[in-house]
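Below is one structure; the comments refer to it alone.
The values are calculated or read from the model by the stated rules, or taken from the named source; none is laboratory data. Predicted model only: the values in this text are computed from it and were never measured. Quick reminder, even Gly has a Cβ in these numbers, built from the backbone with ideal geometry, and neighbours come from all protein chains shown. Accessible surface is based on the protein model in full, side chains and every heavy atom, while ligands, DNA and RNA are left aside. Shrake-Rupley method; radii C 1.70, N 1.55, O 1.52, S 1.80 Å.
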Amino acid sequence: MNLIKIILADDHKLVRQGMRSLLEAQPGYEIVGEASNGLEALKLMEELSPDIALLDVMMPDLNGIEAAKIAQQRGYKSKLIILSMHANSTYVVRALQSGAMGYVLKDSDFSEILQAIQNALEGKRYLSSSIASEVLEILLNADLDKPDLLAVLSNREREVLQHIAEGNSNAAIAEKLTLSVRTVESHRAHIMAKMRFTSQADLVRFAIQQGLISP
């Protein structure tokens, strides 16, 4: 029997350990890697090509939704499932638009995670039952012409935006992303100009509204 290879991405080690124990107790599942942020998760997807990637939404450096978007753009074959404590329908819609096959709340029964994995492997989406109807209502009434406010930023600028909103200095961001400080400063200036921000507070509020960081 071929094992279903899974990676876990969550910035809380206890959550990863608990999820690993639950999944490995099921026949046919193998946890092949763990990540504490979205950048590490992308690296594992590239190196290990897991069948399933379980991604937390709120992770440092690169959140789960942005990681899903980049994974889709890079053509990684892993099926992406978002695990989150946030029942925010905006997050759910953005996750689905970013390529996620499922969105499961962390307070759900474990059977929902198993169902989400099975659905994803079959090419079907899955939403936690407690949020499915609300999300469907939003999608049915969505303004299809409404622009994606993040679309004007490049992937790198979105990464830098999250780092800035998390309170990292230019030097710290440069070290994390293996860039020069001058390049980070340039990205920061482009973000401020493109989004017409006038202050750091504007940037942080926007990042929270877009689900890049938690309030």
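How many Å³ per residue does the convex hull of the Cα positions in the chain occupy? Don't jump to the answer; show the numbers that get you there.
On the way: hull volume 26.5 nm³, N = 215.
With only Cα atoms used, the chain gives 123 Å³ per residue.
Computed over the stretch 21-74, relative contact order equals 32 percent, with contacts defined as Cα pairs under 8 Å that lie 6+ residues apart.
In this structure the amide hydrogen of residue 213, modeled in the peptide plane, comes within under 5 Å of the amide hydrogens of 208, none closer than 5 places in sequence on its chain. Rounded to whole numbers, the Karplus 3J(HN,Hα) couplings from phi for the stretch 90-101 are 4, 4, 4, 4, 5, 5, 5, 5, 8, x, 5, 8 Hz, using 6.51 cos²θ - 1.76 cosθ + 1.60 with θ = phi - 60°, and x at Gly and Pro.
Just want to confirm a number: the relative contact order over the chain, from Cα pairs under 8 angstrom separated by 6+ residues, in percent.
On the way: 320 pairs, mean separation 31.0, N = 215.
Relative contact order comes out at 14 percent.
Shown for the stretch 144-215 is the translational diffusion coefficient from the Stokes-Einstein equation, using the Kirkwood radius over Cα pairs, a temperature of 37 °C and a viscosity of 0.692 mPa s: 265 µm²/s.
Between residue 198 and residue 43, the simple spin-label model (points 7 angstrom out along Cα→Cβ) gives 4.1 nm.
Taking each residue as 0.36 nm, the span from residue 25 to residue 169 lengthens on full extension beyond its C-alpha to C-alpha distance by 47.6 nm. Residue by residue, the stretch 182-190 carries 3J(HN,Hα) couplings of 4, 5, 4, 4, 5, 4, 4, 5, 5 Hz when phi is fed to the Karplus relation 6.51 cos²θ - 1.76 cosθ + 1.60 (θ = phi - 60°); x denotes Gly or Pro.
Apply the Debye scattering formula to the stretch 1-126, with a single equal point scatterer on each alpha-carbon and no solvent, then give log10 I(q)/I(0) at q = 0.09, 0.13, 0.22, 0.23 Å⁻¹. For the stretch 1-126 at q = 0.09, 0.13, 0.22, 0.23 Å⁻¹, log10 I(q)/I(0) is -0.20, -0.42, -1.41, -1.58.
Rounded to the nearest 0.05, what FRET efficiency is calculated for residue 154 and residue 14 with R0 set to 22 Å and r the Cβ-Cβ distance? For residue 154 and residue 14, the calculated efficiency is 0.05. For the residues 108, 199, 78, a GNM of the chain with alpha-carbon springs under 10 Å puts the largest fluctuation on 199. Going by alpha carbons, how many degrees (0 to 90, nearest 10) lie between the helix axis of 200-209 and the longest principal axis of the chain? On a 0 to 90 degree scale, this one is about 20.
Send over a whole-number figure in Å² for the accessible area per residue of the stretch 59-195, probe 1.4 Å. Please list the in-between numbers first.
On the way: 6800 Å² over 137 residues.
Dividing the accessible area of the stretch 59-195 by its residue count gives 50 Å².
Straight-line reach from residue 13: taking Cα to Cα under 25 Å and skipping same-chain neighbours fewer than 8 places apart, the lysines in range are 5, 43, 69, 79, 106, 176. Note on residue 150: accessible area is roughly 0 Å² with a 1.4 Å probe, heavy atoms of protein only.
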